[in-house]
Amino acid sequence: MTSLFGIGKRQDAPVDFVLDPAAEELDQSRRNLLRGLGLAGIATAAGALGLVAYRDEAQAATADGTSGQEHQWCRVVDLRACKGERKCVAACQTRHGLPPEQTWMRTLSWHDDAGKEFFMPVMCQMCQDPPCLKVCPVSATIKTEQGVILVDQDQCIGSRACMAACPYEARYFNWNAPAPTNKMPEQSPNTSEFPSNQIGTVGKCVLCADRIPYSSDLPACVEACPRGAHFIGDLVTDVAVNGQSTVKLSTFLREGNAVRFKEELGTNPRCYYIPGNGQPVGGPLEGVR
Amino acid sequence: MSSVLESTTVRNEHPDVIEAAMRPFGKPSRKFLIAALFLAIVVAAGLGAWIYQLRMGMGVAGYTDSSFWAIYIADVVAIIGVSYGGAVVSAILLLAGASWRAPLVRLAEGTALVTVLVGAAFIFPHLGRPDRLVGMVIHANVASPVFWDMIAITTYTFATFVFFLLPLIPDTATLLASNPDELGRGRRALYRFISRGWVGSERQRHVLHSATIVVAIVIIPLAVSVHSVLAWAFALVSRPGWHESIWAPYFVIAALYSGVALVILVAAGFRRGYHLEAFITKKHFVRLGYIMVALGALYFYLTFADLLPSAYVGEIGPTEIVYGMLLGSVAGWFWLFLVAGTILPLVLVALPWTRNIGGIVIASILVVIAMWIKRVIMVIETSGYDRLTNSFGELFRFTWVSITMTVAGAAAITLLLMLLFRVVPMLSIVEMQELSPGADASDEGSASPTKSSHGRAAGVVGAVILLMVGIGAVGVTNAQPARAESLAAVATETLPVVTVTAVEAGPENTVTATVTLNGQPVPGVQVNFYESTTMFAPGDNQVPLGAMSTNETGMASIKFVAAVTGPRTITATYFPTVLGDPVVGTANLDVTEAVSLYAPTPPRLLATAGQTLALILFGVVIIVFAILIAQVVRVRRVCRPVAKGSGEPVHGN
Ligand code: SF4
Ligand code: SF4
């Protein structure tokens, strides 16, 4: 278990309310760079094409115009509650019309020496210093102001550099045609928040960002878990819910000794894991047997 | 016209060079036609496979999520890699003053040009959406190593083209002057265009020579940059096996090694096909063979240096990768590479009785194939490694689509070379003429290439790019003191009443609940406090604030700092019986001062280094282009005054 969690700063920083707005900087720095080189002409030309600034537009289009000061989304996975039923996986597959080999949410499992099985759902960790975003040559991976990492399916050239870079193996590729969009229960509007799968592009967990601000619907995996292991939270308002109970996020994380996965890689993930395996210690007791 | 003939005849001490260089220009032989037709069919089959792949998706080429990078990127690396051979033979040996290179330079430079184009073309099948490639320009991300791959390859291709073009100026002029009739109309027009204004004057030759030297100096760090940035497309991600500091120089040496091998093969092929035995002799092969095996030994050493630290420490990911190479899933291929790709060539060149043209050609074939295999292993093994389960997924499986396309790439290189040297002379005529026959013998033994000062420039570029790997560790703690909790079970007959007051004082809010039963305070019972939020539910979503026991006056109170401003309902609940319904009291609180625990992180260490680096790199690229263009302009300028008034060079000196 510990090997999976790596050597994160478990003692000092279980609750890490930190954000590096690296993504916003990238776009700005690109323009500064071009300007600094006296290539403002190119920047202007590209800007005139309406393409250089596309990332800002994607941010503005996200989450009904609220700014990053109002919400910073995160998720918490309470491993004490997870029994490996994989209902989250199934719900995600259905909602996004994914083929079986493409699992934006996957539940790892392994055995201890006594043969007891442990589970850990893993999905895109919504890194705030996302390695996937840095390596994308065409800026198709975007970070919204509210800290959600999304892929612009219409910009992606399918270089798969992000798949190489993601330390959480959270990205999948649409290798074969036709992409099974028609299988989705709700028709995708083909936005970054709710992409329709296009051949030759990458996909990953989108935090069901089309449901932001999650006031009526929660992410499909959160809604699907009968044990309430999945939480969606907001760091700004300090609240998290699993569809069954509401918790004060900071207290919940602190009392659960929350850790982040592979923190040593500097990815600054926005997904907190509460370690455990069915222990009835604090946390939501509903459904835990 | 006559004056030109006169002046050239004076310089033409070896007219056979001209005759030999023009051998491919005649009517193509049957052998040539059959070969060309065969190669063209293979290339067409490759294009057909690509079209099929475009329609069906990359799955038909064998790609899966556990082999997301595989054969095509290995082809890009391997084929662009062999183009470095041209740079070695032409540029490094030119700067080292090794005049024996003369008969090989044109073939080497042509190989460099053709392979860099074919190699770069393999980026198209590698991409899932090649139709959107223009995105690399119009919304590029300068933080991406793949973006710099594109820049480096473009710059290098341009430099290779210039390097190929400059020495063609005097050669085409010479051919135009000596054998205008045998050239045919197409070549005549092209040669006139290339050599317009060239009369071979002292000044022109001087300028051309110095321009060529400058381009040669520039092309070496450029080639280093191309192979380094290709390596960094792998090394800049945290995957075991790829995330290796040694990878950039490792790729550069791999490129040199396989590049020299390919130059040997091309030289052997043209020597045989066009009977160039008088010019390209065993001596050339032996010298190139020495260079090749020296690089091979270096590559062997780097392979060891790459694997040892990974295996020694025992970190699970790198160890699995090394195990996979030595004993695991790709072990067969790895040992094949090691034996056939490094040891056998060394033996073939080292043993006197195999140190002949045949032996060296066999060694080169082994090197070219084994180095391709090595690239495939390096790519597919790590790509198949899952860092969450620490195990390998299914490794890449070759399919007819990817095999056909790769074979078509090799065929395209051969075919393009055959066609290229039907258009331009395959021997560097003027350079060979300028070298007296005695010069060949006198420089015996000066074969070893030397690195000169431009290595430093490359080093600076490399060092600066390395800064891109910014590693930041962040950690901000934010903890609240834990609240003591006490439990007390109270059972009463009549229902108690909970009244709540909430007062804001600065950022801190005090919430007090009073529990009474028939007007009497209820001490020592636990009250739970909640605040309502509009988050995650438009109605009354209750966030727990904590629990507190009532004192002897029946009062429990807690303080909390709200995360957001605005009105809310404060709720206090008390369970009079363990299983019954709670007693609830509420109060409204309009928070005007709130403190959110959320704060943006401070920038990572080296956060601005990437920007600075990119800025510097842009500057370097612009300077390189300026230098290269300046050389072309320089040469053109010395040609210009003479060209005025006449399309043909009329004056002698
Ligand atoms: S988990 Fe992977 S895909 Fe998600 S933000 Fe991090 S690096 Fe990107
Ligand atoms: S948040 Fe949505 S997309 Fe992400 S794993 Fe859950 S259901 Fe799938």
Within region B:59-77, restricting to residues that are open to solvent by 10 Å² or more (accessible area, probe 1.4 Å) and assigned to a helix (DSSP H, G or I), the one that is nearest to the other protein chains (Cβ to nearest Cβ) is B:Gly59
For B:Val116, are the conditions met, namely being in contact with a helix residue (DSSP H, G or I) (Cβ under 8 Å, 6 or more places away or on another chain), more than 11 Å from chain A (Cβ to nearest Cβ), open to solvent by less than 20 Å² (accessible area, probe 1.4 Å) and at pLDDT 90 or above?
-> yes
Taking region B:49-58 and keeping only residues that are within 11 Å of another protein chain (Cβ to nearest Cβ) and in a helix (DSSP H, G or I), one is left with B:Gln53, B:Leu54, B:Arg55, B:Met56, B:Met58
Residues located in region A:130-155, provided they are surrounded by 24 or more Cβ atoms within 10 Å (Cβ to Cβ), away from ligand 2 (no atom under 16 Å from the Cβ) and in a loop (DSSP other than H, G, I, E, B) = A:Cys136, A:Pro137, A:Val138, A:Ser139, A:Ala140
Could you list, in sequence order, all residues of region A:198-216 that are more than 10 Å from chain B (Cβ to nearest Cβ) and away from ligand 1 (no atom under 16 Å from the Cβ)?
-> A:Asp210, A:Arg211, A:Ile212
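Every residue, every condition in (1) assigned to a helix (DSSP H, G or I); (2) open to solvent by 30 Å² or more (accessible area, probe 1.4 Å); (3) farther than 27 Å from B:Ser90 by Cα, yes or no:
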residue: B:Met371; (1), (2), (3): yes, no, no
residue: B:Thr389; (1), (2), (3): no, yes, yes
residue: B:Ile403; (1), (2), (3): yes, yes, yes
residue: B:Ile413; (1), (2), (3): yes, no, no
residue: B:Phe421; (1), (2), (3): yes, no, no
residue: B:Leu427; (1), (2), (3): no, no, no
Neighbours by Cβ (under 6 Å, 6+ apart or cross-chain): first from region B:71-88, outside the structural domain of B:Ala412 (by TED's automatic domain parsing); second surrounded by fewer than 24 Cβ atoms within 10 Å (Cβ to Cβ) = none
Which residues, counting only those in region A:133-148, are within 11 Å of ligand 1 (Cβ to nearest atom) and without any contact (Cβ under 8 Å) to a residue 40 or more places away in the chain?
-> A:Val135, A:Cys136, A:Thr141
From B:Ala599, B:Ala614, B:Ala630, B:Ala594, residue being out of contact with any Ser or Thr (no Cβ under 9 Å at 6 or more places or on another chain), among the aliphatic types (A, V, I, L, M) and modelled with pLDDT under 90 = B:Ala599
Can you spot a residue in region B:90-110 that is within 12 Å of chain A (Cβ to nearest Cβ) and open to solvent by 10 Å² or more (accessible area, probe 1.4 Å)?
-> no
Name the one entry in A:Ala46, A:Ala58, A:Ala63 that is surrounded by 15 or more Cβ atoms within 10 Å (Cβ to Cβ), at positive phi and at pLDDT below 90.
-> A:Ala63
Odd one out for A:Gln187 among (1) more than 14 Å from the chain's Cα centre (by Cα); (2) at the interface with another protein chain (Cβ under 7 Å from one of its Cβ atoms) | (2)
Of the residues in region B:537-590 that are β-branched (Val, Ile, Thr) and not in a strand (DSSP E or B), the one that is surrounded by the fewest Cβ atoms within 10 Å (Cβ to Cβ) is B:Val578
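For every residue, the table says whether it meets (1) without any contact (Cβ under 8 Å) to a residue 24 or more places away in the chain; (2) more than 30 Å from B:Met22 (Cα to Cα).
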site	(1), (2)
B:Val349	no, yes
B:Gly358	yes, no
B:Val361	no, no
B:Leu366	no, yes
B:Ile377	no, yes
B:Thr389	yes, yes
B:Met405	no, yes
B:Leu427	no, no
Scan region A:167-175 and give yes if some residue there is among the aromatic types (Phe, Trp, Tyr), within 15 Å of ligand 1 (Cβ to nearest atom) and farther than 25 Å from B:Ala143 by Cα, otherwise no.
-> no
Quick check: anything in region A:91-110 within 12 Å of another protein chain (Cβ to nearest Cβ), touching a residue at least 12 places away in the same chain (Cβ under 8 Å), open to solvent by less than 30 Å² (accessible area, probe 1.4 Å) and not in a loop (DSSP other than H, G, I, E, B)?
-> yes
Those residues that are of a type in the set (D, E, K, R) and open to solvent by less than 90 Å² (accessible area, probe 1.4 Å), I need them from region B:300-318; list them, please.
-> B:Asp306
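The values are calculated or read from the model by the stated rules, or taken from the named source; none is laboratory data. For clarity, every value in this text was computed on a predicted model and none was experimentally measured. In this analysis, Cβ positions are derived from the backbone assuming ideal geometry, glycine residues included, and neighbour counts consider all displayed protein chains. With ligands, DNA and RNA removed, areas are computed over all heavy atoms of the protein, side chains included. Shrake-Rupley method; radii C 1.70, N 1.55, O 1.52, S 1.80 Å.
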